[in-house]
Amino acid sequence: MEPYRIKVVEPLAFTTRTQREEALERVAYNPFDLRADEVTIDLLSDSGTGALSAAQQAAGMNGDESYAGSRSFYRWHAVVSELTGYPHILPVHQGRAAERVLFSVLLRPGGTVLSNTHFDTTRANVELTGCQARDLPCAEAADLDSHYPFKGDIDLSALQQALESAEESPVSAVVMTITNNGGGGQPVSMENLRRTADLCRLHNVPMILDAARFAENAWLVTRREPGYQDRTPRQVAEEAFRLADGCIMSAKKDGIVHIGGFIGLKDPELAEKCNGLLIATEGFSTYGGLAGRDLDMMAQGLLEVTEPAYLAERAEAADYLADAIRAAGVDIVEPAGLHALYLNAGRLLPHIPPHQYPGTALVCELYLRGGIRSAELGSLYLGEEDEQGNPVKSAPYELVRLALPRRVYTRSHYDHVAQTLADIAKDPGSVHGYRVVGQSPILRHFSIRLEPVNPAG
């Protein structure tokens, strides 16, 4: 059972099918533009959508809102320092701010950043510096059905080859995303992290953790990696941070807060440069764009997130929904992770070609039938078309992410999700595709405009 009891509740929004049809048409079939009060079960993101604990709320009441040197900063700094071991820690308002500040200082045009898989804002912030973002997922990640335990790993052979050919394409950094969000929420093994760190040191390239879900990665390590079964998630997390040269962190995930993040670094010179840019663009070094209460709530969240009881319940909830989805006849990326489940939309809707976005089709159908908001991770997210709308690049897989907010939904909410999917799976041929009618050149999935493809056409 859940290791907590519910203290505050919020009513759900219930809408009719007609209302949802009108809402989707109004927002040009982009779920990001739906109003929250038009959504019944919101699985669009696990970022900043979790429920605060009573201890976090109490910590927020102690927030010190001094512009510089607040008590909140020093309380927060002590918690992050003990967790990460980094001597230089800078607060920021969220993960993409950490990416922008660090990459603006660390990267130079013409370089390459290697990763097990960059997620969307990480890739965008790399490319905005004039660098190339290159993914090197392990070979096992290509089999969505296998139960290989660490499909989030980086391909070590490809990494070594890329580092050794750096004269042709200089490598500016290696970013290890834990867990691997773009790769189906799969964990990275400590062995893979250790060997990656060794290769990076050998070639004098910094290894940076994208640590947004560090605690969930640590939990899966304790369940799946030999030699770690007797370690606590906290011990595994501390080891992971110390293997890297630094980290970027969105605390909106495994800080269990609504806003916040940080940069952690070992290099004092790099940290000093980041601090200068932070002050100019985010805020003074002791608040970084955050209120004191946010720092205090983040500090408490970072303590709670590695508690075994909390992580065990999160894993059990994800497994519960995964079992229900499989029973509904819909395949997911295996094995199930913690922060999200990834539906194989391409397999469920094989009649919809990639350039008509089967992932988006499933996203819209989930909303129309069940008021459920989710996110496409397929050819809309990764694909490209020419000016005439002809496909230039398709994604390797057509996925839909069901991101699970922390401590928000109960098993009966997940039953509703599974039942909605079961209804879709009974007649998948009735689901139609979509075409793009307007998009942005950067991170297009956030602001894209679509229209249905006429099934008869």
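The values are calculated or read from the model by the stated rules, or taken from the named source; none is laboratory data. Because the structure is predicted, anything quoted here is derived from the model rather than measured. Every residue, glycine among them, receives a Cβ derived from its backbone with ideal geometry; neighbour counts consider all protein chains shown. Protein only, heavy atoms only, side chains kept; ligands, DNA and RNA dropped before computing areas. Shrake-Rupley method; radii C 1.70, N 1.55, O 1.52, S 1.80 Å.
Scan region 91-103 and tell me whether some residue there is assigned to a helix (DSSP H, G or I), more than 18 Å from Glu282 (Cβ to Cβ) and either of a type in the set (A, V, I, L, M, F, W, C) or open to solvent by 30 Å² or more (accessible area, probe 1.4 Å) (or both).
So far as region 91-103 goes, no, none of its residues is assigned to a helix (DSSP H, G or I), more than 18 Å from Glu282 (Cβ to Cβ) and either of a type in the set (A, V, I, L, M, F, W, C) or open to solvent by 30 Å² or more (accessible area, probe 1.4 Å) (or both).
Under the condition of being acidic (Asp, Glu) and in contact (Cβ under 8 Å) with a residue 40 or more places away in the chain, which residue from region 218-271 is nearest to Tyr310 (Cα to Cα)?
Asp254
Among the candidates Asp64, Asp143, Asp120, single out the residue that is without any contact (Cβ under 8 Å) to a residue 12 or more places away in the chain and among the charged types (D, E, K, R).
The unique qualifying residue is Asp143.
Among the numbered criteria (1) in a strand (DSSP E or B); (2) under 16 Å from Thr179 (Cβ atoms); (3) of a type outside the set (Phe, Trp, Tyr), which single criterion is violated by His118?
Tallying (1) in a strand (DSSP E or B); (2) under 16 Å from Thr179 (Cβ atoms); (3) of a type outside the set (Phe, Trp, Tyr), His118 fails exactly one: (1).
Do any strands (runs of 3 or more DSSP E) lying entirely in region 330-419 carry at least 2 residues that are open to solvent by 40 Å² or more (accessible area, probe 1.4 Å), and which ones are they?
Those strands (runs of 3 or more DSSP E) span 391-393.
All but one of (1) modelled with pLDDT under 95; (2) open to solvent by 10 Å² or more (accessible area, probe 1.4 Å); (3) touching a helix residue (DSSP H, G or I) at 6+ places or on another chain (Cβ under 8 Å) hold for Pro308, so report the exception by its number.
Every condition holds for Pro308 apart from (1).
Report whether or not Gly292 is within 29 Å of Arg75 (Cβ to Cβ), without any contact (Cβ under 8 Å) to a residue 12 or more places away in the chain, open to solvent by less than 50 Å² (accessible area, probe 1.4 Å) and out of contact with any strand residue (DSSP E or B) (no Cβ under 9 Å at 6 or more places or on another chain). Let's see the steps before the verdict.
Working: within 29 Å of Arg75 (Cβ to Cβ): yes; without any contact (Cβ under 8 Å) to a residue 12 or more places away in the chain: no; open to solvent by less than 50 Å² (accessible area, probe 1.4 Å): yes; out of contact with any strand residue (DSSP E or B) (no Cβ under 9 Å at 6 or more places or on another chain): yes.
The answer is no for Gly292.
When you scan region 22-70, how many residues do you find that are of a type outside the set (Lys, Arg) and in a loop (DSSP other than H, G, I, E, B)?
Summing the residues that are of a type outside the set (Lys, Arg) and in a loop (DSSP other than H, G, I, E, B) in region 22-70 gives 27.
Taking Arg134, is it among the basic types (Lys, Arg), on the phi < 0 side of the Ramachandran plot, open to solvent by 60 Å² or more (accessible area, probe 1.4 Å) and not in a helix (DSSP H, G or I)?
yes
Given the criterion open to solvent by less than 10 Å² (accessible area, probe 1.4 Å) and touching a Pro at 6+ places or on another chain (Cβ under 9 Å), identify the matching residue among Thr117, Thr112, Thr84, Thr49.
Result: Thr112 is the single residue among Thr117, Thr112, Thr84, Thr49 that is open to solvent by less than 10 Å² (accessible area, probe 1.4 Å) and touching a Pro at 6+ places or on another chain (Cβ under 9 Å).
Could you give me the residue pairs with C-beta distances under 6 Å whose first residue belongs to region 171-183 and is within 11 Å of Asp135 (Cα to Cα) and at pLDDT below 95, whose second residue is assigned to a strand (DSSP E or B) and open to solvent by 20 Å² or more (accessible area, probe 1.4 Å) wherever it lies, and which are 6+ apart or on separate chains?
Gly183/Pro137
Could you count how many residues in region 80-107 are within 17 Å of Glu304 (Cβ to Cβ) and over 23 Å from the mean Cα position of the chain (by Cα)? Steps first, answer last, please.
So in region 80-107, the residues within 17 Å of Glu304 (Cβ to Cβ) come out as 80, 82-84.
Add one more test, that the residue is over 23 Å from the mean Cα position of the chain (by Cα), and what stays is 82.
Within region 80-107, residues that are within 17 Å of Glu304 (Cβ to Cβ) and over 23 Å from the mean Cα position of the chain (by Cα) number 1.
Looking only at region 344-366, decide whether some residue is aromatic (Phe, Trp, Tyr) and at pLDDT 95 or above.
no
Of all residues in region 201-225 being β-branched (Val, Ile, Thr) and assigned to a helix (DSSP H, G or I), which is surrounded by the fewest Cβ atoms within 10 Å (Cβ to Cβ)?
Thr222
Please determine whether any residue of region 173-187 is in a loop (DSSP other than H, G, I, E, B), small (Gly, Ala, Ser) and over 17 Å from the mean Cα position of the chain (by Cα).
No: zero hits.
For the list (1) of a type in the set (A, V, I, L, M, F, W, C); (2) within 24 Å of the chain's Cα centre (by Cα); (3) at pLDDT 95 or above, I need the number of the one condition that Phe32 fails.
(3)
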